[in-house]
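A.B. asks: Before I ask anything, let me first share the structure, which is written out below as structure tokens.
The values are calculated or read from the model by the stated rules, or taken from the named source; none is laboratory data. Keep in mind the model is a prediction, meaning the values are calculated, not measured. Note that we place each Cβ from the backbone using ideal geometry, even for glycine, and neighbour counts take in every protein chain shown. For accessibility, only protein heavy atoms count, side chains too; no ligands or nucleic acids. Shrake-Rupley method; radii C 1.70, N 1.55, O 1.52, S 1.80 Å.
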Amino acid sequence: MQLTKEQRIFIVVNALDSNSIHHVQELFQECFPERNSPSKVTIWKNVRKYKTEGTSLNLNKGRSGRRSTERAPENVEIVHQALLANPEISSRKNGLGKSKSTLKRIVKLELKWHHYKMHVRQTTRY
């Protein structure tokens, strides 16, 4: 389990005050009894990160992971214009060079449209 902000601050402050990792582990166990004390490597990594970057917090939070290049604004605009020109475009044979799942994802998440195909079951008589 990842360390909380409070726990990271505790580790860095106590590690900088005392140069003993064992002492920091003991203090951590006293302060946070519900949690196992961090390893030597974890303590040193947090201290090193604090010294080099000025923080021991995760700077990549919210920026990590795979980039969504297919849902870029230019691709969304291409799909939008194609659907405005011909609303009956098949998601499988779209002719835009996009996969079926990409087209559905753009329509649902970016354009906020509902992807469906109209089926006529029976005719109405009036």
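A.B. asks: Does the stretch 67-76 hold any residues that are open to solvent by 90 Å² or more (accessible area, probe 1.4 Å) and either closer than 12 Å to Leu111 by Cα or touching an Asp or Glu at 6+ places or on another chain (Cβ under 7 Å) (or both), and which are they?
C.D. replies: Filtering the stretch 67-76 down to residues open to solvent by 90 Å² or more (accessible area, probe 1.4 Å) leaves 67, 69, 73-74.
Across the stretch 67-76, the qualifying residue is only Pro73.
A.B. asks: Working only within the stretch 30-46, note down all residues that are open to solvent by 100 Å² or more (accessible area, probe 1.4 Å) and among the aromatic types (Phe, Trp, Tyr).
C.D. replies: Of the stretch 30-46, the ones open to solvent by 100 Å² or more (accessible area, probe 1.4 Å) are 30, 34, 36, 40, 44-45.
Selection gives Trp44 alone.
A.B. asks: A follow-up question, please. I want to confirm something. Restricting to the stretch 81-126 and keeping residues that are of a type in the set (Val, Ile, Thr) and at pLDDT 80 or above, which single residue is surrounded by the fewest Cβ atoms within 10 Å (Cβ to Cβ)? Spell out the reasoning first.
C.D. replies: Taking the stretch 81-126 and keeping what is of a type in the set (Val, Ile, Thr), we get 89, 102, 106-107, 120, 123-124.
Within this subset, residues satisfying the condition of being at pLDDT 80 or above are 102, 106-107.
On the way: Thr102: 18, Ile106: 24, Val107: 20.
Per the criteria, the residue is Thr102.
A.B. asks: Which condition breaks for Glu34 when tested against (1) farther than 15 Å from Thr4 by Cα; (2) at pLDDT 90 or above?
C.D. replies: The single condition Glu34 does not satisfy is (1).
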